[in-house]
């Protein structure tokens, strides 16, 4: 049976590695576009939106089409950031899900 001290050291190392991974993810920028390039979104690997741009000509389109394109781009950006985060964390946790990490 592993001693409590050894388990604590392993937990501290894992916590440090997770903090380092989160720091790297916060610095990483994912760029996503939608609506044929009319919508541009930048999001960090942690899911924090960094930039959002719309082509002014795109706004002349049907309002429902514009809304759908923006929503799809936001969903794509969020999904890519979540995948990046999940990939980074699963490498540290051996694929075990850790609640509250995105």
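One table, with the values for the structure above:
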{"read-out": "Acute angle (nearest 10 degrees) that the helix 4-27 long axis makes with the longest principal axis of the chain, alpha-carbon atoms", "value": "20"}
{"read-out": "Using a Förster distance of 30 Å, the FRET efficiency for residue 26-residue 79 (Cβ separation, nearest 0.05)", "value": "0.95"}
{"read-out": "Residue-averaged 222 nm ellipticity for the chain, from DSSP H runs of 4+ at -39500 (n - 2.57), nearest 500", "value": "-19500 deg cm²/dmol"}
{"read-out": "Calculated FRET efficiency for the pair residue 4/residue 55, C-beta based, R₀ 41 Å, to 0.05", "value": "0.10"}
{"read-out": "Cα long-axis angle, helix 63-93 against the chain (0 to 90 degrees, to the nearest 10)", "value": "20"}
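Bear in mind that the values in this text are calculations on the coordinates, not laboratory data. These numbers were taken from a predicted model, which means no experiment stands behind them. Glycine gets a Cβ as well: all are built from the backbone with ideal geometry, and neighbour counts include every protein chain shown.
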